[in-house]
Structures are given as C-alpha cells and as structure tokens.
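Down below is the structure, laid out as structure tokens.
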C-alpha cells in the first residue's frame, strides 16, 4: 500500500542531497515521520499546508517498512508513523503538488 509525505521545496532538496531525512520540524518534534494514506493526504494538505506552493507529493511503499506503526491521530483515524530515518531509496515516486488558489490539486496524482 502506498503512503504519502508532503515535502516543502527546501526539505525535498535536502532529502535528495543527503539521501536520508529525519523529517520536517514537526516530525523531529514528535519523534517520528508523519505519513498519510491516499484517503488522508488531501485533508493533511489542507490542514498543514494550506496556501503553500512549491510542494512535492512523495509516495512510499508501506509494506516491509520496518518501524512503521499505524497510530490514532486526527479524528481517531489510524495514520502511518515511521520511527526511523527515511531513505531516498524508498521513494516510489515524487510529483509536484499544484496549488489552485488555496487548494492543492490531487487529481491524477493518486
């Protein structure tokens, strides 16, 4: 099952350069890397990235990801949380996440 992480341009560039990441500031503060499922990612974008341009939507295969835990979060829904550094080699694909006004356009991405 694919899971998704939204990266800001600087975070994505650093991840590509370093080939691994401990995540965004929120990930570092919480002690794990936040992901969303296909059903959750649009709400994640609206809640945490509203109006932000220059984002990348990056997909990862959850199966076989060690230290990945499904934990309750927003509204009690289970979200995937990774308790280790994320490796660039785990990226399945990365696509720009376009912004139309204040809303991110996911059509054709998932």
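Note on residue 103 and residue 47: the model spin-label points, each 7 Å out from Cα along the C-beta direction, lie 1.9 nm apart. Calculated FRET efficiency, residue 54 and residue 1, Cβ-Cβ r, R0 22 Å, to nearest 0.05? Once the sixth-power term is evaluated, E becomes 0.20. Dividing the summed helix terms, -39500 (n - 2.57) for each DSSP H run of n ≥ 4, by the number of residues in the chain produces a 222 nm estimate of -6000 deg cm²/dmol to the nearest 500. Packing, taken as the mean count of other beta carbons within 10 Å per residue, orders the peptides 25-38, 59-72 from highest to lowest as 25-38, 59-72.
Annotation for residue 95 and residue 22: the two label points, set 7 Å from Cα along the Cα-Cβ direction, are 3.2 nm apart. Straightening the chain between residue 71 and residue 84 buys 3.1 nm, computed as 0.36 nm per residue apart minus the Cα-Cα spacing. For the chain, the relative contact order works out to 35 percent when only alpha carbon pairs closer than 8 Å and six or more residues apart are counted.
Throughout, read-outs are computed from the coordinates displayed, never taken from laboratory work. Note that the coordinates shown come from a computational prediction; the quantities given were computed from them, not determined experimentally. Cβ coordinates were reconstructed from backbone atoms using ideal geometry, including for glycine residues, and neighbour counts include every protein chain displayed.
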